[in-house]
Structure formats: structure tokens, C-alpha cells
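Okay, structure first, notes after.
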Amino acid sequence: MGNILTSAFDEIYNFARANSLWPLTFATSCCGIEMMSTACADYDIARFGSEIFRGSPRQADLLIVAGTITQKAAPALLKLYEQMAEPKYVIAMGACACTGGMFKNDSYSVVYGVDKIIPVDIYLPMCPPKPEALLDALMKLQEKIKSETVEHRRKYLAENKPKLLYNQDVLLKEKLLN
């Protein structure tokens with residue numbers, strides 16, 4: 001009887017979380033424009049319960065990293081992620097956020113993937129991704145949330161912890177360039 005009640009509660013809890021994601025934006029370049037257009041009437045991100053883009057990390061549970069992350073911006077991104085309440089999720093939007101994009105070969109100041117700083121749940125590697133692609137990524141994240149348990153989430157975060165050293169707002173450049 002206890003397992004049935006617990007599993008029913010988990011399903012209701014996960015359904016509610018999946019359909020009320022409040023995103024925190026970290027838009028640094030052209031992907032940010034595409035992300036903003038998903039809140040417009042043509043695409044209407046409100047259908048997914050995500051129309052309220054939060055200005056504070058303490059009120060958000062989804063971090064959308066849209067665009068190029070430089071080594072100078074990486075400590076701020078990490079600080080925002082750490083300030084978010086659990087459970088928290090991350091979408092890496094754009095080729096630059098996923099791998100460093102077109103700057104990977106020519107710039108030493110670009111982080112070669114946001115997953116070197118924070119764990120990423122959904123990758124959206126286009127340049128720039130269309131609003132439809134962001135909505136698709138949001139739907140995939142909702143399905144992931146609906147099917148996960150608390151133990152599964154803790155295991156995922158432990159396995160995907162970035163292997164960076166973070167010391168006094170400075171990320172080690174050698175780790176970021178690998």
C-alpha cells in the first residue's frame with residue numbers, strides 16, 4: 001500500500017514540476033534573440049507553463065544558457081546555477097553553448113561547452129536554434145522530468161558533475177580549453 005501511495009505521489013509531483021518550469025535566462029548572443037521570440041504570440045511558450053522568465057535564480061528551476069560563454073562569464077554562470085533551488089535543470093541552447101561553436105578554433109577566451117561548468121540536461125546544438133527547436137527541447141525535458149525519481153536525479157547529477165576546480169571566481173583555463 002505504501003509503494004502505491006508513494007508512486008502515485010511521485011507521478012503527481014513530477015507532472016506538476018514538468019508543467020510549471022520557470023526559466024532563468026543566460027543569453028549572451030544571437031541565440032538569446034531566438035529564445036526571446038519563443039515568448040511571443042507566434043510560438044507561445046506559455047502553453048508549457050514557462051511564460052515567466054525569472055530575473056532571480058532563487059525563483060527559477062530551469063536555466064537556459066543561450067549563446068557563447070566566455071571564461072570571464074563562466075564564474076557568473078556557475079554562481080547563478082548554484083543559487084537555483086533543487087531540482088534544477090539546464091538547456092544548452094546553440095552550438096556555442098554546446099561546444100564553443102564557431103569560436104572553438106580561433107578564440108582562447110571561449111568555454112568549449114557549458115557542460116564544463118555545470119551539468120546539462122538537454123543539448124540544442126544549432127546556430128542559432130529556431131524557437132520551434134527550443135519548444136521541442138522543453139517538451140523533451142518535460143518527459144524526462146515526468147519519468148524521473150529523486151534518487152535517479154541525484155545519481156545523474158553525481159555522474160555528470162563538471163570536472164572543474166572553482167576557486168575565488170576564477171576557473172582554471174587549462175581545464176576549459178580541453
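What follows draws every value from the coordinates through simple rules; no lab data is involved. Being a predicted model, the structure only gives us computed values, none of them experimental.
Among 129, 57, 87, the residue with the largest mean-square fluctuation in a Gaussian network model of the chain, with springs joining Cα atoms closer than 10 Å, is 87. From the Kirkwood radius over Cα pairs of segment 93-158, Stokes-Einstein at 4 °C and 1.567 mPa s returns a whole-number translational diffusion coefficient of 98 µm²/s. Of all DSSP-defined beta bridges confined to the chain, some 20% are antiparallel rather than parallel. Comparing mean-square fluctuations of 76, 92, 18 from a GNM of the chain with C-alpha springs under 10 Å, the top value falls on 76. Evaluating 6.51 cos²θ - 1.76 cosθ + 1.60 at θ = phi - 60° for every residue in segment 50-56, the Karplus couplings come out as 10, 6, 8, 6, 7, x, 10 Hz, glycine and proline recorded as x. Once the cut-off is 21 Å, how many percent of the Cα-Cα pairs in the chain end up in the long-distance tail? Considering the chain, 49 percent of its Cα-Cα pairs are separated by more than 21 Å.
A cut-off of 5 Å between modelled amide H atoms, ignoring neighbours fewer than 5 places along the same chain, links residue 89 with 62, 63. Taking 21 Å as the limit for the C-alpha separation, the pairs 88/140; 79/104; 72/140; 79/144 exceed it in the case of 79/104; 72/140; 79/144.
For the chain, modelled as a GNM whose springs connect Cα atoms under 10 angstrom apart, the maximal fluctuation among 38, 70, 149 occurs at 149.
Of all aspartates and glutamates in the structure, the ones whose alpha carbon falls short of 19 Å from that of residue 116, not counting any fewer than 8 places away in one chain, are 82, 106, 159, 169, 174.
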